[in-house]
Amino acid sequence: MKLVDFGADGSHAGGDDTEHEVTLTAEQGLATGEWVALDLDLADFSALSGREHLAQLIISGDPNTVYVDNVYFRRDATPPAMPTEPADVISLFSDAYDDVTVDTWSTDWDNADLEDGAIDGNATKKYTNLVFAGIEFTSPTVDADEMTHFRIDIWTPDPTADPAAFKIKLVDFGADDAYAGGDDTEHEILLTAASDPPLATGQWISFDIPLTAFEGLTARANLAQLILSGDLNTVYVDNVYLHR
């Protein structure tokens, strides 16, 4: 894999181009017949002395046929790993796991438009005109007592600089397993450009939130609703699940 930067003049062969090619072999995890995630440190591209005008990615080598997915740059923060055991996951929406029953991804009482689609063959949910989206899983509710984290991946084209926020609320119906039965609990998490990882524009962000951060959610045996809201008008959603 070669990366090429066109330099300060922003043009090819302007005299300040730099590039570096990294060779990957079985020693770095290259393998046949399986997806391999290669997460390279940009410092490994040592001859690439500038990265402000990246212009080319060149892929070459000995394999005749190569499938490619998830090509992106990221900061130092390590993206959360996906659990390897299905028993450690309660999936609401993910191609990687079997999903539990979700009654609706946009209730009749919410204020959002929903479109089911796919990006490069990967199923996604696209919310537009998003004021708040109500997602319900009441048939049956979800027992998340053994889970420790809530995961969601989002992508938005909208501005995410402060004071923009994206909000995630979880609602548990309590021991009576019914809405407004007197023992419902809930908590809303606010995600901003100051969050870890930060809310960002034009890139997929994986939020892996400890369920303990939902402090007002005092019970998790009858989770029934997920509510998405905030300042973002358009949000793509993928990999929505609870895990341990």
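May I ask you to list the residues in region 10-29 that are open to solvent by 60 Å² or more (accessible area, probe 1.4 Å) and in contact (Cβ under 8 Å) with a residue 24 or more places away in the chain?
His12, Glu19, Glu21, Thr23
One residue is enough: does region 79-88 have a residue meeting the conditions touching a Gly at 6+ places or on another chain (Cβ under 6 Å), surrounded by 10 or more Cβ atoms within 10 Å (Cβ to Cβ) and not hydroxyl-bearing (Ser, Thr, Tyr)? Talk me through it step by step, then tell me what you get.
First, pick out the residues of region 79-88 that are touching a Gly at 6+ places or on another chain (Cβ under 6 Å): none.
No, the conditions are met nowhere in region 79-88.
Is it true that Ser139 is over 19 Å from Glu188 (Cβ atoms) and not in a loop (DSSP other than H, G, I, E, B)? Let's see the steps before the verdict.
Values: over 19 Å from Glu188 (Cβ atoms): yes; not in a loop (DSSP other than H, G, I, E, B): no.
In short, no.
Can Asp95 be described as open to solvent by 70 Å² or more (accessible area, probe 1.4 Å), at pLDDT 95 or above, under 30 Å from Thr141 (Cβ atoms) and part of a loop (DSSP other than H, G, I, E, B)?
On the way: open to solvent by 70 Å² or more (accessible area, probe 1.4 Å): yes; at pLDDT 95 or above: no; under 30 Å from Thr141 (Cβ atoms): yes; part of a loop (DSSP other than H, G, I, E, B): yes.
Against the criterion (open to solvent by 70 Å² or more (accessible area, probe 1.4 Å), at pLDDT 95 or above, under 30 Å from Thr141 (Cβ atoms) and part of a loop (DSSP other than H, G, I, E, B)), Asp95 does not qualify.
When Ala112 is evaluated against the numbered criteria (1) farther than 20 Å from His243 by Cα; (2) part of a loop (DSSP other than H, G, I, E, B), which criterion, by number, is the only one it fails?
(2)
The values are calculated or read from the model by the stated rules, or taken from the named source; none is laboratory data. Remember, predicted model here, so these are calculated numbers, not experimental data. Cβ sites come from the backbone with ideal geometry, for glycine too, and all protein chains shown count toward neighbours. The area values use the complete protein model at the heavy-atom level, side chains included, leaving out ligands, DNA and RNA. Shrake-Rupley method; radii C 1.70, N 1.55, O 1.52, S 1.80 Å.
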